[in-house]
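**Q** Let me begin by handing over the structure; questions about it come next.
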Amino acid sequence: MRSIIDTLDLTVGEIEELCDTALDMIKRPKLYSHICDDKILATLFFEPSTRTRLSFEAAMYELGGHVLSVTDMATSSASKGESMADTSKVLSAYSDIIAMRHPKEGAAFVAAENANVPVINAGDGGHCHPTQTLADMLTIYREKGHFDGLTVGLCGDLLYGRTVHSLIHALSRYEGVKFICISPSELRLPSYMKQDFNVEETTSLEEAIPMLDVLYMTRIQQERFADRQNYERLKDSYVLTPEKLSRAKSDCIVMHPLPRVKEISVAVDKDPRACYFKQVENGKYMRMALIYKLLTDAEEDHSREVRPSVSDGKKCVNPRCIVSVEQELPHRYKKDSRGVCRCIYCDSEMV
Amino acid sequence: MRSIIDTLDLTVGEIEELCDTALDMIKRPKLYSHICDDKILATLFFEPSTRTRLSFEAAMYELGGHVLSVTDMATSSASKGESMADTSKVLSAYSDIIAMRHPKEGAAFVAAENANVPVINAGDGGHCHPTQTLADMLTIYREKGHFDGLTVGLCGDLLYGRTVHSLIHALSRYEGVKFICISPSELRLPSYMKQDFNVEETTSLEEAIPMLDVLYMTRIQQERFADRQNYERLKDSYVLTPEKLSRAKSDCIVMHPLPRVKEISVAVDKDPRACYFKQVENGKYMRMALIYKLLTDAEEDHSREVRPSVSDGKKCVNPRCIVSVEQELPHRYKKDSRGVCRCIYCDSEMV
Amino acid sequence: MRSIIDTLDLTVGEIEELCDTALDMIKRPKLYSHICDDKILATLFFEPSTRTRLSFEAAMYELGGHVLSVTDMATSSASKGESMADTSKVLSAYSDIIAMRHPKEGAAFVAAENANVPVINAGDGGHCHPTQTLADMLTIYREKGHFDGLTVGLCGDLLYGRTVHSLIHALSRYEGVKFICISPSELRLPSYMKQDFNVEETTSLEEAIPMLDVLYMTRIQQERFADRQNYERLKDSYVLTPEKLSRAKSDCIVMHPLPRVKEISVAVDKDPRACYFKQVENGKYMRMALIYKLLTDAEEDHSREVRPSVSDGKKCVNPRCIVSVEQELPHRYKKDSRGVCRCIYCDSEMV
């Protein structure tokens, strides 16, 4: 039985297989409209995320299945003090697959270790949100036909943007993908990301745009700037307008995780290169493909996944990690490729 | 592709066709119980209206379809600052038809102009609520067999009652319909309504009741009276009791939009002329007929509806209009039959 | 047409029949997965109870039916001041069966007297919660094969625990069932329960455990103790650990209504005698059996159930009774086997 906690839980081959399934679902919807007829998806949301929830629920309906919407588990007085392990077991009695959102990093992994059904991480704090990344991947795959050799521009807040970091991780597994990071100096890609990946940096969207096959826009929030004047001076440089887009390749695609506020001008919507509403649709199709894959896997293999780990007294001190609130959880870690001991739940360094 | 924003978007012929479809659904439910099997209705509610939501959701289930319940869009932090146009486009990716409730007048029209699927207005502020009116129409049609020549009594708060105003607009399109408006002088029908329609007025329910084919009761709220003593003196005159009803015709029907508080005595419920619980049921059937009609239309015609309008600097200053909160919306108007420039969203006069 | 307000509304024969249906549903799920295809369950919750709601909704989905989730009726501004009778009639227009939760005792009975569809009480204040008891019964029946002659240990808070009281009432209808009540002296079974049933009492879980066929654990809340030191001294005695369980029979089953906090150590979960997660699953199957039974009954018999009662001026003064908030409800009673006049809604003594 498989659960999906991080995009990187999937091999390159599996991601392409998911993309192909999604494309077939788009092409031949009738073939799939009843394949989950007797199945139940629980959307177990410990914090609101309406779009993500709706995307999963629409996906399940498109497959003919049922949805158990659970948005009040966190405030349920009955559940106060109940462990994530117990909650996962209870929900397993009510559903065939769980899509889970939680404010704490690693929460979905704890659920996956205890549930009797597959768990899809629908966001665990700032940690992972694999179905957003898969939606982005499908959009690129659907529009460009491949990942290899693409030049991908990432524009906006690259310091805090989880979406962008995940996409870099996922795309860097392909040959010859080049990243151009376009941001004000305050919001540059974190240095640990720059170590790991080969990225170019620039502060100018206008200069970078002609080189791009993909332009991924994100929002710049005023709160991120220490200096309000700096924000006012800079903000318009990172707004995509028809003028700026006129310098792009004719087959460059424009993406955005939505909601947008002003970072893409409404006048761009009519441009055939604008793909952000298609991205929403692709998110639904990719979730359909993923639900179908995991339910099929689960029918063949009932065993729960195990992640090897060590518990020897080292502690995770990340206040956003699930171990900080679930008192009975053991602190566990594994070593990464550089030998750093990383928390099995949130991937932060142990002390 | 059709959307329904106002009852008057439908012709007299279309309303009778909807009524006939609804009556057939009542008579032969099995014929319709799977016609929306693979369709998704999104109930997009920006303010709570539990009964309206449930009526739409029950309607979709009776047709075999799926329901995406969206009651948290307004508070969703992700959506803050997102335009209605973008929200409509996102929801179009998740559903085949949208029933939308919003506190601002004209909001459903903005959604209809941007969505890729049909939109049904489930209430836009105090502006329109066409499915309530259609439920009332079906009740009259089902009980009386026709609209022409009916004498319709409207009792209670006729000043603020949107339900009553819409019903007058809708019924006045038929031959020989006579309205008797029964209310305290404080709560008379607004004068602009009296100009347009031929109505009689009285303060006495007891005197009016023998003439009526239809008695439409509404609630009188104490807050509407400047003078509490006046309210206390008057309130019982507008309560329907078995005694007052004994003076009505044997085939007069009693209606109420519900919930009632005390304006119809519980003892009236047993009277075969009491139709207010049937009205609830009819509301569901009329919504079934409407969902079916719009989904069928949408399959044949994918183009979005366009309302011709002028934008020349005139402004809508109605603080309840959607333009007061959606900053990127252009102020637009059309001229009514008297030549008055009316806002395309909320129908109020431009300045 | 049947409604279920109290477990005791069902005969011993009917409960066994329900258990047999549930076991058949577990064994041959495909046989039942579409028997409610065109039916709608409304979960009408006037107070949150996420688990109970999810169990009903999952049950309906397993039968192929639709669910109308109504968790906002109480706060719906439109419904303020509407009587329970009217609300029940409105919901009858939208659904084929209602599962209702309400904070006031007797509320589900009022709904059942007015609805046109069967009503299942999903908890009415501290009064009844029949589907929890039925889930407990199925668990015992499934694991032990019978009820007669069992020795049942009840451990924890026996003073306030509604679950435990209901289970004693239900099991005492079988031959030779023996109850051993294990609690601190502050939280003993109420004296009126001890009068009616033959129970043994002890303060020691360790001493009682070897005699038990069933051990039903409940939570002990600190708030119940006047004296904090007393709580600290006692709490660990009522925590089930592998050590304590090692003294139990090899076929003793351990139950808990969940959520647990610390009253059963996580190490017990692996023991094959631990049945509390199976209880969750059984709750779903028992609700499936009950929904199926009531819908089948309702198809054959459309008449509403009537409970004979007397209204002669005697009053119910229980502040938790539905008559304390529904002003139009008549005070009604019936005499119990001892001749005491008991409120028809909440079973408390009239004055």
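**Q** Considering only segment A:180-207, how many residues are surrounded by 13 or more Cβ atoms within 10 Å (Cβ to Cβ) and within 28 Å of residue A:227 (Cα to Cα)?
**A** 17
**Q** Take residue B:272 and decide whether it is more than 22 Å from the chain's Cα centre (by Cα) and not assigned by TED's automatic domain parsing to the domain that holds residue B:216.
**A** Considered against the rule, which asks whether it is more than 22 Å from the chain's Cα centre (by Cα) and not assigned by TED's automatic domain parsing to the domain that holds residue B:216, residue B:272 comes out as no.
**Q** To continue, here is another question. Kindly check whether there is at least one residue in segment B:192-205 that is under 21 Å from residue B:251 (Cα atoms), more than 22 Å from the chain's Cα centre (by Cα) and in a helix (DSSP H, G or I).
**A** Within segment B:192-205, one or more residues are under 21 Å from residue B:251 (Cα atoms), more than 22 Å from the chain's Cα centre (by Cα) and in a helix (DSSP H, G or I).
**Q** Can you run down the residue pairs with Cβ atoms below 6 Å, 6 or more apart or on separate chains, where the first is in segment B:94-105 and farther than 12 Å from residue B:74 by Cα and the partner is aromatic (Phe, Trp, Tyr) and crowded, with 24+ Cβ neighbours inside 10 Å?
**A** Listed pairs, sorted by first residue: B:99/B:56.
**Q** List, please: which pairs have Cβ atoms under 6 Å, are six or more places apart or on different chains, and start with a residue in segment B:185-203 that is touching a residue at least 24 places away in the same chain (Cβ under 8 Å) and end with one that is acidic (Asp, Glu)?
**A** These pairs meet every condition: B:187/B:157.
**Q** Can you find, within segment C:72-86, the residue that is farthest from the other protein chains (Cβ to nearest Cβ) among those that are crowded, with 21+ Cβ neighbours inside 10 Å and in a helix (DSSP H, G or I)?
**A** Within segment C:72-86, the first condition is being crowded, with 21+ Cβ neighbours inside 10 Å, and the residues that meet it are C:73, C:84, C:86.
Narrowing the set further to residues that are in a helix (DSSP H, G or I) leaves C:84, C:86.
On the way: C:84: 12, C:86: 6 Å.
Going through the qualifying residues, I end up with C:84.
**Q** Among the strands (runs of 3 or more DSSP E) contained in segment A:87-169, which hold 3 or more residues that are among the aromatic types (Phe, Trp, Tyr)?
**A** none
**Q** Please determine whether any residue of segment B:326-339 is assigned to a loop (DSSP other than H, G, I, E, B), within 14 Å of chain C (Cβ to nearest Cβ) and either touching a His at 6+ places or on another chain (Cβ under 8 Å) or loosely packed, with under 12 Cβ neighbours inside 10 Å (or both).
**A** Checking segment B:326-339: not a single residue is assigned to a loop (DSSP other than H, G, I, E, B), within 14 Å of chain C (Cβ to nearest Cβ) and either touching a His at 6+ places or on another chain (Cβ under 8 Å) or loosely packed, with under 12 Cβ neighbours inside 10 Å (or both).
**Q** If only one of C:15, C:35, C:120 is more than 29 Å from residue B:261 (Cα to Cα), more than 14 Å from chain B (Cβ to nearest Cβ) and crowded, with 22+ Cβ neighbours inside 10 Å, which one is it?
**A** C:15
**Q** Moving on to the next point. Could you check residue B:55 against (1) in a helix (DSSP H, G or I); (2) in contact with a strand residue (DSSP E or B) (Cβ under 6 Å, 6 or more places away or on another chain) and say which number it fails?
**A** Only one criterion in (1) in a helix (DSSP H, G or I); (2) in contact with a strand residue (DSSP E or B) (Cβ under 6 Å, 6 or more places away or on another chain) is unmet by residue B:55, namely (2).
**Q** May I ask you to verify whether residue A:304 is over 18 Å from the mean Cα position of the chain (by Cα) and modelled with pLDDT under 95? It would help to see each step written out before you state the result.
**A** Numbers: over 18 Å from the mean Cα position of the chain (by Cα): yes; modelled with pLDDT under 95: yes.
Judged against the criteria, residue A:304 is a match.
**Q** Sticking with this structure for a sec: Quick one: residue B:160 ticks every box in (1) within 26 Å of residue B:348 (Cα to Cα); (2) buried (at least 21 other Cβ atoms within 10 Å of the Cβ); (3) of a type in the set (Ser, Thr, Tyr) bar one, so which box is it?
**A** (2)
**Q** Look through B:110, B:152, B:117 and report the one residue that is aliphatic (A, V, I, L, M) and more than 19 Å from the chain's Cα centre (by Cα).
**A** The conditions single out B:117.
**Q** Still on this structure: Scanning segment C:70-117 for residues that are in contact with a Phe, Trp or Tyr (Cβ under 8 Å, 6 or more places away or on another chain) and closer than 18 Å to residue B:71 by Cβ, which turns out modelled with the lowest pLDDT?
**A** Looking at residues that are in contact with a Phe, Trp or Tyr (Cβ under 8 Å, 6 or more places away or on another chain) and closer than 18 Å to residue B:71 by Cβ, I get C:74.
**Q** So, in segment C:42-71, exactly how many residues are within 15 Å of residue A:37 (Cα to Cα), of a type in the set (Gly, Ala, Ser) and at the interface with chain A (Cβ under 7 Å from one of its Cβ atoms)?
**A** Total meeting the criteria: 1.
The values are calculated or read from the model by the stated rules, or taken from the named source; none is laboratory data. Since the structure is predicted, the reported quantities are computational estimates derived from the model, not experimental observations. A quick note on method: Cβ atoms are made from the backbone with ideal geometry, for glycine too, and the neighbour counts reach across all protein chains shown.
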